[in-house]
Amino acid sequence: MTRVGGVSTRPRVAVVFGGRSPEHSISCLTAAGVTDVIDPDRYAVAVIGVTRDGRWVTGGGVRNLTSVGDDGLPVVTPGPGACVHTPGQPPSELTDADVVLPLLHGAYGEDGTVQGLLEVADVRYVGSGVLASAVAMDKDVMKTLLAAAGLPVCRWVRVAADDWAADPADVSRRVAALGWPVFVKPARAGSSFGITKVDAPEALGAAIEHATSVDPKVIVEEAVPGREVECGVLQGVDGGAPDVSVVGEVIVSGGHDFYDFEAKYTDDEALTLVIPADLADGVAKRIRSLAAAAFEALGCEGLARADFFLTADGESILNEVNTMPGFTSSSMFPRAWAATGVDYPALVDRLLTTALHRPLGLR
């Protein structure tokens, strides 16, 4: 609690959403859902939008600071009565907060940048710190560290900014060693932005160019046939081991070749979440154990979602760890926790409580 003149007041929570990454609209959806369930009797909430060009906007709730874009998804839009702040100069609502809930997905938010700002300002916040946020955002570095920790990951090839232009034959040779098909991905993006499934060598160049339109650093992964399963992880109470939700399964249909952006967010008929997944007890236990191990290997805090491929022979391959997963009421992370016995409002409250009790400075 904040204390003013010896009297306890509600902790001040600053919810930050939007941002400069391609996942801007997904962040807006997340923020709308989360702010709806924060208990106003327990917390004083200030909402801060970040426009696509990096301006901070205050003055109202999430829905007061957003409009519907051409794609039907929300976008931060300063409206009447809103206060627009200079890029690079965060508003007082941020620096005066007792705890910040940075509901930003992708670059310039989920990748350690905002976390670094808050560390310098001595402001507590929900989620992983600078290092874990940055590492988990970069799929190449993340897989390198997970593999070093002995965790099962698929094979991949890193394609740096100028590799394709400088020596396409070398890149093609390295990628071909993975076998076909492969998935070409921006290294530091989420929500399936910029991803292409490539079935043959002649399509590789166009896929790399598409990925580099999102991020100059690209990875190419081998395809892992199997089921896609996910589970949520929460920082353990009082420094204990992480808690892990039940395992959920993602089933994609409707003509989508993989779990792409449209299947996730715009095609209501494409996606089915099965929670809990129909798995043998031993398989589910193994996946949950790997999720906790990945959380600790990357030094995560607060929350994360761990995504896996489950092969036909029962092997669990860790695909990635998301330090700020999708958080609408219909997203896998809160639904998996609801099935585990922690409903949406309680989940948000636990994250805020954990962050409020976290020490400032090096941990």
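The values are calculated or read from the model by the stated rules, or taken from the named source; none is laboratory data. All values reported here derive from a predicted model rather than from experimental measurement. When we count neighbours, we look across all protein chains shown, and the Cβ atoms used for this are built from the backbone with ideal geometry, even at glycine.
Quick notes on this structure:
- If the condition is being buried (at least 17 other Cβ atoms within 10 Å of the Cβ), part of a loop (DSSP other than H, G, I, E, B) and of a type outside the set (Ser, Thr, Tyr), then the stretch 112-135 contributes Gly112, Val123, Val126, Gly127, Gly129.
- Filtered residues of the stretch 33-47 (kept if within 19 Å of Gly59 (Cα to Cα), of a type outside the set (Val, Ile, Thr) and not in a strand (DSSP E or B)): Gly33, Asp36, Pro40, Tyr43
- Considering residues of the stretch 11-47 that are touching a strand residue (DSSP E or B) at 6+ places or on another chain (Cβ under 9 Å) and among the polar types (S, T, N, Q) only, the residue farthest from Phe193 (Cα to Cα): Thr35
- Residue match in the stretch 100-112 (condition: modelled with pLDDT of 95 or more, touching a Phe, Trp or Tyr at 6+ places or on another chain (Cβ under 9 Å) and over 30 Å from Ala211 (Cα atoms)): yes
- Flag set for Asp349, criterion: surrounded by fewer than 19 Cβ atoms within 10 Å (Cβ to Cβ), modelled with pLDDT of 95 or more, over 21 Å from Ala293 (Cα atoms) and not aliphatic (A, V, I, L, M).
- All of (1) part of a loop (DSSP other than H, G, I, E, B); (2) at pLDDT 95 or above; (3) not basic (Lys, Arg) hold for Ser330 with one exception: (2).
- Residues that are over 28 Å from Ala136 (Cβ atoms) and buried (at least 16 other Cβ atoms within 10 Å of the Cβ), drawn from the stretch 173-204: Ala203
- Verdict on Gly54 being within 17 Å of Gly109 (Cβ to Cβ) and either surrounded by fewer than 18 Cβ atoms within 10 Å (Cβ to Cβ) or assigned by TED's automatic domain parsing to the domain that holds Asp111 (or both): yes
- Verdict on Ala292 being of a type outside the set (Val, Ile, Thr), part of a helix (DSSP H, G or I), buried (at least 17 other Cβ atoms within 10 Å of the Cβ) and in contact with a Pro (Cβ under 6 Å, 6 or more places away or on another chain): yes
- Those strands (runs of 3 or more DSSP E) of the stretch 64-106 in which at least 2 residues are under 22 Å from Thr9 (Cα atoms), of a type in the set (A, V, I, L, M) and not assigned by TED's automatic domain parsing to the domain that holds Leu351, considering only elements entirely within it, cover 99-102.
- Taken over the stretch 107-151, residues that are charged (D, E, K, R) and touching a helix residue (DSSP H, G or I) at 6+ places or on another chain (Cβ under 8 Å) amount to 4.
- Residues that are on the phi > 0 side of the Ramachandran plot and of a type in the set (S, T, N, Q) within the stretch 95-152 are absent altogether.
- Scanning the stretch 83-111 for residues that are surrounded by fewer than 16 Cβ atoms within 10 Å (Cβ to Cβ) and over 26 Å from Lys217 (Cβ atoms) yields Cys83, Val84, Thr86, Gln89, Ser92, Thr95, Asp96.
- Members of the stretch 14-32 found to be surrounded by 20 or more Cβ atoms within 10 Å (Cβ to Cβ), not in a strand (DSSP E or B) and not hydrophobic (A, V, I, L, M, F, W, C), listed by number: Gly19, Ser21, Pro22, Glu23, His24, Ser25, Ser27, Thr30
- Residue list for the stretch 306-327, filter: among the β-branched types (Val, Ile, Thr) and part of a loop (DSSP other than H, G, I, E, B): Thr311, Thr323
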